[in-house]
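Visitor: My questions all concern the structure below.
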Amino acid sequence: MGKSGGFTSMADAKATGSVPEIGVGMLGYAFMGKAHSHAMLTIPHMIYPPPAIPKLVAIAGRNEVAVQEAAKRYGYETYYTDWRKMMRDDRVQLVDNGGPNDAHAAPSIAAAKAGKHILCEKPLGRTAAESKKMRDEVMSTGVKNMVAFNYRFVPAIRQIRLLIESGALGKIYHFRAVYLQEWIMPHYNTPMIWRLQKALAGSGALGDLGAHIIDLARYLVGEVASVSAMTKTFIKERPTGDGAGMGTVDVDDAFASVLEFENGALGTVEASRFAAGRKNGQTLEINGEKGSIRFNLERMNELEVFWVGENPKETQGFHNVLVSEGYHPWWDNWWPQGHMIGWEHTFVHEITHMLDCIVNNKPVSPIGADFEDGYRTSVICDAIIKSANSKRQVNCQY
């Protein structure tokens with residue numbers, strides 16, 4: 001049988017009537033650990049036949065009681081309180097790094113050195129320099145690598161990309177995107193969690209939310225040449241949570257930036273965790289020579305589309321298009337048209353893509369974001385911070 005990255009190829013699997021298994025080691029058991037574990041348990045039932053079956057081998061976390069409970073809840077065979085031990089587990093072939101930002105680099109680099117494929121949560125690194133080290137390591141070892149920019153795997157977003165590639169929008173003039181949440185506002189009395197500390201998070205709303213829409217800007221429009229930006233920290237001290245007093249918030253609560261794309265398009269991106277009433281409010285709009293498209297994550301199965309030249313007597317303004325037909329991206333795995341899918345299904349698509357790339361030796365990019373994409377997003381984030389601090393336009397040096 002042919003081999004691809006140490007695994008039986010899908011062609012061989014189909015010929016023999018079997019599907020290969022890939023042993024997964026999960027780092028982290030909270031928000032993303034839950035989302036990714038749920039997706040992996042769903043894949044064998046809904047993506048049929050799957051490119052591979054993710055086998056939940058091990059999960060790692062610092063709190064033994066919590067990680068043991070997570071292992072029991074999701075069905076992992078083993079748990080570790082030291083991620084280094086998980087990297088030495090030969091059953092683990094794919095490391096899913098869902099840890100906090102300061103736990104992205106070292107475990108991912110160790111996984112690459114151990115010859116294990118890596119799916120790492122965003123942002124890839126806390127800085128462009130850290131992301132570059134991660135990118136360089138996976139390039140030198142040749143393991144498959146992906147950054148978990150899961151919004152690339154919303155069918156409507158993928159459909160936008162396909163429309164742009166087909167030339168349907170013609171030349172792109174504008175990209176604008178906002179990502180707004182409210183959960184860290186003062187009335188929630190959020191203490192000094194790790195997301196508010198530069199040493200642990202790298203940045204605030206920029207890396208937490210902005211990285212997603214910056215990645216989508218690159219994915220849909222193209223490379224960013226330069227940025228101009230402002231950042232703001234509204235609440236500069238918060239209680240430490242242990243009764244020891246107050247801690248200093250040294251990351252941004254919000255940012256706004258103008259992007260200049262290499263292809264001449266103009267963009268704006270904005271993110272805030274102080275947007276009252278916004279739970280997960282991500283919207284984007286693209287204006288092109290032949291039309292415009294709008295997307296709202298809170299209505300993620302829909303697109304608003306306007307085509308230049310339509311008869312105004314028959315249709316005026318934007319059309320609302322339901323992206324749920326069997327010919328739309330990934331929809332043939334789900335329900336009859338009009339029966340909606342949700343946020344959690346992006347992870348099913350994302351991890352399935354990663355498994356397919358491993359088993360069949362396919363490139364992760366451009367459908368998914370590889371560590372090169374993650375690094376380039378980090379370069380843009382760093383340039384935004386530099387522009388805000390210097391109050392000058394900054395070129396993106398990749």
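Each reported figure results from applying straightforward, stated rules to the coordinates on display, with no laboratory input. It should be emphasised that the depicted structure is a prediction, and the values quoted were computed from it without experimental measurement. Glycine also receives a Cβ, built like all others from the backbone with ideal geometry; neighbour counts cover every protein chain displayed.
Visitor: Give me the distance between the Cα centres of the range 30-61 and the range 80-104, rounded to whole Å.
Guide: So the two Cα centres are separated by 15 Å.
Visitor: Label 7 Å along Cα→Cβ of Glu262; the range 370-398 residues with amide nitrogen under 12 Å?
Guide: Within reach of a label on Glu262: 376, 396-398.
Visitor: Could you tell me the calculated FRET efficiency between Trp335 and Thr78, based on Cβ-Cβ distance and R0 = 35 angstrom, to the nearest 0.05?
Guide: Working: r = 35 Å, r/R0 = 1.00.
About 0.50, to the nearest 0.05.
Visitor: Could you compute the FRET efficiency for Lys279 and Ala199, with r as their C-beta to C-beta distance and R0 at 22 Å, rounded to 0.05?
Guide: On the way: r = 28 Å, r/R0 = 1.28.
After rounding to 0.05, the efficiency reads 0.20.
Visitor: So, one more: Counting only DSSP beta bridges with both residues in the chain, tell me the antiparallel percent, nearest 5.
Guide: Working: 44 of 72 bridges.
Of the beta bridges lying entirely in the chain, close to 60 percent run antiparallel.
Visitor: To the nearest 20 debye, what is the magnitude of the charge dipole of the range 3-149 about its Cα centre, counting +1 on the Cβ of each Lys and Arg and -1 on the Cβ of each Asp and Glu?
Guide: On the way: 19 positive and 14 negative charges, 34 e Å.
For this selection, approximately 160 debye.
Visitor: While we're here: Across every pair of different alpha-carbon atoms, what Kirkwood hydrodynamic radius in Å does the chain reach?
Guide: 22.0 Å
Visitor: Which one of Gly338, Tyr76, Pro107 is farthest out on the positive end of the charge dipole of the chain, using unit charges on Cβ (Lys, Arg +1; Asp, Glu -1) and the Cα centre as origin?
Guide: Pro107
Visitor: Under the Karplus relation 6.51 cos²θ - 1.76 cosθ + 1.60, θ = phi - 60°, what is the ordered set of whole-Hz ³J(HN,Hα) values for the range 253-268, x standing for Gly and Pro?
Guide: 8, 7, 8, 9, 9, 9, 10, 10, 8, 4, 8, x, 6, 10, x, 9
Visitor: Packing-wise, with mean Cβ within 10 Å as the measure, how do 39-52, 207-220, 91-104, 326-339 rank, highest first? Let's see the in-between values first.
Guide: Values: 39-52: 18.0, 207-220: 25.1, 91-104: 23.1, 326-339: 13.5.
Averaged packing, sorted descending, gives the order 207-220, 91-104, 39-52, 326-339.
Visitor: Which value, in debye to the nearest 20, gives the size of the charge dipole of the chain about its Cα centre, when Lys and Arg are +1 and Asp and Glu are -1 at the Cβ? If you can, show how the numbers build up before the last one.
Guide: Working: 42 positive and 43 negative charges, 109 e Å.
Roughly 520 debye for the chain.
Visitor: What order do you get for 151-164, 226-239 when each peptide is scored by the mean count of other beta carbon atoms within 10 Å, highest first? Don't jump to the answer; show the numbers that get you there.
Guide: Values: 151-164: 21.0, 226-239: 16.8.
Highest to lowest by the protection proxy: 151-164, 226-239.
Visitor: Once you sort the root eigenvalues of the Cα gyration tensor of the range 3-149 as a ≥ b ≥ c, which label holds: rounded (a/c under 1.5), prolate (a/b larger than b/c) or oblate (the other case)? Show your work: numbers first, answer last.
Guide: Values: a/c = 1.79, a/b = 1.20, b/c = 1.49.
Oblate is the answer for the range 3-149, as a/c is 1.5 or above yet b/c matches or exceeds a/b.
Visitor: Take the Cα radius of gyration of the range 221-361 and divide it by 2.2 N^0.38 Å, with N its residue count; two decimals is plenty. Walk me through the numbers before you get to the answer.
Guide: Numbers: Rg = 20.7 Å, N = 141, 2.2 N^0.38 = 14.4 Å.
Ratio of Cα Rg to 2.2 N^0.38 Å: 1.44.
Visitor: Lys85 to His319: extension gain in nm, 0.36 nm per residue of separation minus the Cα-Cα distance? Mind showing how you got there, number by number?
Guide: Numbers: separation 234, 0.36 × 234 = 84.24 nm, distance 5.37 nm.
Length gained, Lys85 through His319: 78.9 nm.
Visitor: For the pairs Lys144/Lys279; Lys198/Lys391; Lys144/Lys236; Lys34/Lys279; Lys122/Lys236, flag any whose C-alpha to C-alpha distance is greater than 29 Å.
Guide: On the way: Lys144/Lys279 33 Å; Lys198/Lys391 20 Å; Lys144/Lys236 40 Å; Lys34/Lys279 19 Å; Lys122/Lys236 25 Å.
Result: Lys144/Lys279; Lys144/Lys236 exceed 29 Å.
Visitor: Could you give the distance between the Cα centres of the range 237-301 and the range 330-376, to the whole Å?
Guide: The range 237-301 and the range 330-376 have Cα centres separated by 23 Å.
Visitor: Restricting to DSSP loop positions (anything but H, G, I, E, B) with no more than 16 other Cβ atoms inside 10 Å of their own Cβ, which GluC sites (Glu not before Pro) remain in the range 66-147?
Guide: On the way: sites: Glu69, Glu77, Glu121, Glu130, Glu137; in loops: Glu77, Glu121.
Counting only loop positions with at most 16 other Cβ atoms within 10 Å, the GluC sites (Glu not before Pro) in the range 66-147 are Glu77.
Visitor: Considering only DSSP states other than H, G, I, E and B, which GluC sites (Glu not before Pro) in the range 157-235 qualify as loop sites with at most 11 other Cβ atoms within 10 Å? Intermediate results must be reported in sequence, preceding the final value.
Guide: On the way: sites: Glu165, Glu182, Glu223; in loops: Glu182, Glu223.
Listed in order of number, the matching sites amount to none.
Visitor: In the range 292-398, which trypsin sites (Lys or Arg not before Pro) fall in coil by DSSP and have 14 or fewer other Cβ atoms within 10 Å?
Guide: Counting only loop positions with at most 14 other Cβ atoms within 10 Å, the trypsin sites (Lys or Arg not before Pro) in the range 292-398 are Lys313, Lys391, Arg392.
Visitor: Right, another one. In square nanometres and to one decimal, what's the mean projected area of the convex hull around the Cα atoms of the range 36-75? Can you show the working numbers first?
Guide: Values: hull surface 11.7 nm².
In nm², the orientation-averaged hull projection of the range 36-75 is 2.9.
Visitor: What shape does the range 263-303 take by its C-alpha gyration tensor, where a ≥ b ≥ c are the square roots of the eigenvalues and a/c under 1.5 counts as rounded, a/b above b/c as prolate, and the rest as oblate? Write down the numbers at each step before the final one.
Guide: On the way: a/c = 4.14, a/b = 1.52, b/c = 2.73.
Taking the square roots of the gyration eigenvalues as a ≥ b ≥ c, the range 263-303 is oblate.
Visitor: Same structure, new question: If each residue's Cβ is checked for other Cβ atoms within 10 Å, how do Cys120, Cys357 rank with the fewest at the top?
Guide: Details: Cys120 28, Cys357 23.
Ranking Cys120, Cys357 by Cβ neighbours within 10 Å, fewest first, gives Cys357, Cys120.
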